[in-house]
1. Karplus couplings for the range 36-44 from phi (6.51 cos²θ - 1.76 cosθ + 1.60, θ = phi - 60°), rounded to Hz, Gly and Pro as x?
2. Taking Cα atoms, how many degrees apart are the long axis of helix 82-92 and the longest axis of the chain, rounded to 10 and kept between 0 and 90?
3. Just to compare against my own numbers: the Cα pair-distance distribution for the chain, 5 Å bins, whole % per bin, please.
4. Can you list the lysines whose alpha carbon sits under 22 Å from that of K50, skipping same-chain ones fewer than 8 residues off?
5. Full-extension gain between V86 and T19, please, as 0.36 nm times their residue separation minus the C-alpha to C-alpha distance.
6. How large is ³J(HN,Hα), in whole Hz, for each residue of the range 71-81 in order, when computed from phi with the Karplus curve 6.51 cos²θ - 1.76 cosθ + 1.60 and θ = phi - 60°, using x for Gly and Pro?
7. Hey, what do the phi angles of the range 94-107 turn into as Karplus ³J(HN,Hα) couplings, whole Hz, using 6.51/-1.76/1.60 and θ = phi - 60°, x for Gly and Pro?
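Every read-out reported here was derived from the displayed coordinates using simple, explicitly stated rules and does not represent laboratory data. Worth saying up front: this structure is predicted, and the values here are computed from it rather than measured.
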Amino acid sequence: MDLNNFEKYSLSVGLISITISKTGITFSKTAITRLNKPRYIEILINYDDKEIAVLPTDKKTEGAAPFFNPDKKNITARLNYKDLLVTLSSMMEWDLTDSSFKVIGKYDADNNALIFDLKTAVTN
């Protein structure tokens, strides 16, 4: 059997998700793995549909944010940008003081991006 059209699938327990709290945005291990553990990402916001997209990039890209550190033992990624948190909480009319929100995302293979519909967020 010819396997040339097959691609390796990275297995990970859990779903693609983010948790948004007053201290930052935490990405699930599956989200990090699905993007192939990029060192840098860029965030795109769709204000009309209240969605965010997360795309792997390199540090030369304007607005690139450090994401995954391969030197660390655990697969973790967290964004602590206050301006981003204020923007998202304002857009969604969320009070992050005492609440956090979990959003299940999906992987867009055509764009190698994670898409999170913030309207589907649940209080964590």
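1. In residue order, the calculated couplings are 6, 6, x, 6, 9, 9, 10, 10, 10 Hz.
2. Here the helix axis deviates by roughly 80 degrees.
3. Per 5 Å bin, starting at zero, the Cα-Cα P(r) for the chain comes out as 2, 10, 20, 24, 20, 13, 6, 2, 2, 1, 0, 0 percent.
4. K22, K82, K102, K106, K119
5. Working: separation 67, 0.36 × 67 = 24.12 nm, distance 1.46 nm.
Taking V86 through T19 to full extension adds about 22.7 nm, to one decimal.
6. In residue order, the calculated couplings are 7, 7, 5, 8, 8, 9, 8, 8, 10, 10, 8 Hz.
7. 9, 9, 7, 4, 10, 10, 10, 10, 9, 10, 7, x, 9, 9
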